[in-house]
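Asker: Can you keep this structure in mind? I'll have questions shortly.
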Amino acid sequence: MHFISKDIESYVDNHSEDEPELLKELSRETHLQVLRPRMLSGHFQGRFLSLLSKIIAPKTILEIGTYTGYSAICMAEGLAADGQLHTIDINEELYDFQRRFFDKSGYGAQIIQHLGSALDIIPTLDMSFDLVFIDADKENYPAYFDLVIDKVAPKGVILSDNVLWSGKVVEPLDPKDKSTPVLLEFNKKLKEDPRVDTVLLPIRDGLTLSRKV
């Protein structure tokens with residue numbers, strides 16, 4: 001679903017920072033080789049992630065849901081010189097694809113891949129994070145938030161993607177739909193949690209920005 005017109009989307013792209021050539025290449029290969037290429041963050045959201053990361057200048061980033069690595073590279077652009085980005089994905093078939101582009105980006109040594117269930121991996125990460133990006137299976141969003149909130153540094157930021165879910169959050173529920181009820185619960189949870197300040201941004205499919213107080 002497009003929440004703004006194609007013409008406005010094009011105008012936004014054309015008046016935002018240019019998409020880096022490596023990410024254009026990554027996008028092309030994803031569309032040619034990988035299922036569900038619309039899962040990519042894409043030009044505008046990617047530049048938003050990059051700029052926000054540069055503003056925060058995080059020393060540690062956690063990404064839940066790597067896909068083909070586009071968003072990880074965008075956020076790595078703001079990493080501190082000695083910083084690390086930990087990214088988790090359950091799809092082992094994409095591991096080598098991700099690594100190839102991570103290494104080409106120049107941030108390969110700072111990006112650590114974790115293969116497996118984020119529910120199992122997050123508790124093993126004994127560190128705090130300045131920036132967290134949640135972009136995996138929607139049914140586990142509340143659980144991911146609960147697992148990371150105590151690992152987020154004070155004033156750290158949690159980003160949650162796809163929180164508008166193609167507009168389904170404001171439409172009559174389909175009884176067979178498992179994801180939308182969870183996202184409705186999750187969006188309410190973030191709004192009411194006193195540990196974070198939250199604003200839901202209508203960027204692409206909805207992106208919530210939560211700052212730990």
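The values are calculated or read from the model by the stated rules, or taken from the named source; none is laboratory data. Just so it is clear, the structure is predicted and the values come from calculations on it, not from any experiment. Ideal geometry is used to build each Cβ from the backbone, glycine not excepted, and the neighbour counts take in all protein chains shown. Areas reflect the complete protein model, heavy atoms only, side chains present, ligands, DNA and RNA absent. Shrake-Rupley method; radii C 1.70, N 1.55, O 1.52, S 1.80 Å.
Asker: Report HIS31's accessible area, 1.4 Å probe, all protein chains in place, as a number in Å² to the nearest 10.
Answerer: The accessible area comes out at roughly 110 Å².
Asker: Straight-line reach only, C-alpha to C-alpha below 20 angstrom: list the lysines that LYS191 could link to, leaving out same-chain residues fewer than 8 apart.
Answerer: Straight-distance partners of LYS191: LYS138, LYS151, LYS155, LYS168, LYS212.
Asker: 5 Å is the cut-off here: which amide hydrogens, built 1.01 Å from N in the peptide plane, fall below it relative to LEU207, excluding neighbours closer than 5 in sequence?
Answerer: Residues meeting the criterion, in which the H sits 1.01 Å from N, are VAL163, LEU201.
Asker: Would you mind getting me the FRET efficiency between LYS176 and LYS6? Use the beta-carbon distance for r and R0 = 25 Å, nearest 0.05.
Answerer: Computed FRET efficiency for LYS176 and LYS6 comes out at 0.25.
Asker: Between ASP174, ASP137, ASP13, find the one with the highest GNM mean-square fluctuation for the chain; connect C-alpha pairs within less than 10 Å.
Answerer: Among ASP174, ASP137, ASP13, the largest GNM mean-square fluctuation belongs to ASP174.
Asker: Another question, if that's okay. Only Cα pairs under 8 Å and at least 6 apart count here; give the relative contact order of segment 90-213 as a rounded whole percent.
Answerer: Numbers: 157 pairs, mean separation 29.0, N = 124.
It comes to 23 percent, rounded to a whole number.
Asker: Percent antiparallel among DSSP beta bridges with both residues in the chain, to the nearest 5?
Answerer: Bridges in the chain are about 35 percent antiparallel.
Asker: Now a separate question. If you place +1 on the Cβ of every Lys and Arg, -1 on the Cβ of every Asp and Glu, and leave all else neutral, what size is the dipole of segment 16-125 about its Cα centre, to the nearest 20 Debye?
Answerer: 180
Asker: What accessible area per residue, rounded to a whole number of Å², is obtained for segment 84-187 using a probe radius of 1.4 Å? Numbers along the way, then the final one.
Answerer: Working: 4930 Å² over 104 residues.
With the other protein chains kept in place, segment 84-187 gives 47 Å² per residue.
Asker: Follow-up question, since we're still on this one. How large is the accessible surface of VAL12 in square angstrom, using a 1.4 angstrom probe and rounding to the nearest 10?
Answerer: VAL12 exposes around 40 Å² with every protein chain in place.
Asker: In addition: Which residues in segment 182-206 have a backbone N closer than 16 Å to a point placed 7 Å from the Cα of ILE149 along the Cα-to-Cβ line?
Answerer: Only 183-199 fall inside the zone, counting backbone N under 16 Å.
Asker: Using a Förster distance of 22 angstrom, determine the FRET efficiency expected from the C-beta separation of LEU201 and ARG38, and round it to 0.05.
Answerer: So, using R0 = 22 Å, E works out to roughly 0.75.
Asker: May I pose another question? Given H placed 1.01 Å from N in the peptide plane, which residues other than close sequence neighbours of GLY156 have an amide H under 5 Å from its amide H?
Answerer: LYS212
Asker: So what is the 222 nm mean residue ellipticity for the chain from helices alone, if each DSSP H run of at least 4 adds -39500 (n - 2.57) and you divide by all residues, rounding to the nearest 500 deg cm²/dmol? Please report the intermediate quantities before stating the final value.
Answerer: Details: 8 runs with 81 residues, N = 213.
Taking each H run of at least 4 residues, the total per residue is -11000 deg cm²/dmol.
Asker: Below 12 angstrom from the Cβ of THR180, what's the summed charge of the other residues (Lys, Arg +1; Asp, Glu -1)?
Answerer: -1
Asker: Keeping the other protein chains in place, figure out the carbon and sulfur percent of the accessible area of segment 70-213, with a 1.4 Å probe.
Answerer: On the way: 3600 of 6750 Å².
Carbon with sulfur: 53 percent of the solvent-accessible area.
Asker: Is there a quick way to get the dipole size of segment 58-213? I mean about its Cα centre, with the Cβ of Lys and Arg at +1 and of Asp and Glu at -1; what is the value in debye to the nearest 20?
Answerer: Working: 17 positive and 25 negative charges, 89 e Å.
With Lys and Arg at +1 and Asp and Glu at -1, about 420 debye.
Asker: OK, next. Express in nm, to one decimal, how much length is gained between GLU185 and ILE55 on full extension, taking 0.36 nm for each residue of separation and deducting their alpha carbon distance. Before the final figure, lay out each step's value.
Answerer: Values: separation 130, 0.36 × 130 = 46.80 nm, distance 2.98 nm.
Here the segment from GLU185 to ILE55 would lengthen by 43.8 nm.
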